[in-house]
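In what follows, a single structure is set out as structure tokens and then discussed.
The values are calculated or read from the model by the stated rules, or taken from the named source; none is laboratory data. On a predicted model such as this, the values are computed, not experimentally measured, just so you know. Using ideal geometry, Cβ is built from the backbone for each residue, glycine included, and neighbour counts are taken over all protein chains shown.
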Amino acid sequence: MNTPSDRRFEPRQPSNARGVVIAPGLEIACLIVDQSSAGLKLRLDRGLALPRDVTIIDIALGVATEVQVAWQKGQEIGLKRGGQGLSLRGLVPSRLTGVRDAWRRAGGR
């Protein structure tokens with residue numbers, strides 16, 4: 001249930017999934033803390049300013065989601081989904097070949 005201070009319109013689903021944040025010149029491990037159909041919240045191992053547009057990989061699911069950074073407080077980051085997640089298994093669009101390679105390096109199968 002959303003509290004009055006919670007500005008989300010979608011219910012949050014707790015998560016504890018390993019992920020990877022991908023952006024030009026950046027590949028960093030993260031923890032996906034929670035998610036909704038509109039966005040997700042991450043925790044990084046260290047405070048690091050991210051560019052506005054990044055791609056998040058859910059390692060276990062093998063899914064990449066293009067997102068925009070909505071807010072950042074230290075190591076926690078709120079992200080707005082730019083669309084549905086795309087599977088990294090099998091053929092992927094050419095713009096995601098580097099993302100698929102990062103998923104494989106992180107242990108994705």
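Note on the stretch 50-78: among residues that are touching a Ser or Thr at 6+ places or on another chain (Cβ under 8 Å) and of a type in the set (Asp, Glu), the one that is surrounded by the fewest Cβ atoms within 10 Å (Cβ to Cβ) is 66. Can you find even one residue in the stretch 77-85 that is within 20 Å of residue 18 (Cβ to Cβ), of a type in the set (D, E, K, R), assigned to a strand (DSSP E or B) and free of Cβ contacts under 8 Å to residues at least 60 places away in the same chain? Taking every residue of the stretch 77-85 in turn, at least one turns out to be within 20 Å of residue 18 (Cβ to Cβ), of a type in the set (D, E, K, R), assigned to a strand (DSSP E or B) and free of Cβ contacts under 8 Å to residues at least 60 places away in the same chain. Is it true that residue 18 is out of contact with any helix residue (DSSP H, G or I) (no Cβ under 6 Å at 6 or more places or on another chain) and outside any strand (DSSP E or B)? Judged against the criteria, residue 18 is not a match.
On the stretch given as the stretch 12-46, residues that are at pLDDT below 90 and surrounded by fewer than 10 Cβ atoms within 10 Å (Cβ to Cβ) total 3. Scanning the stretch 37-74 for residues that are in contact (Cβ under 8 Å) with a residue 12 or more places away in the chain, over 27 Å from residue 90 (Cβ atoms) and either in a strand (DSSP E or B) or hydroxyl-bearing (Ser, Thr, Tyr) (or both) returns 41, 43, 44, 69, 70, 72.
Figure legend. Inter-residue proximity from the stretch 89-102: first residues over 11 Å from residue 22 (Cα atoms) and among the charged types (D, E, K, R), second residues at pLDDT 90 or above and in a loop (DSSP other than H, G, I, E, B), beta-carbon distance below 7 Å, spacing 6+ or different chains. Indicated pairs: 89/62.
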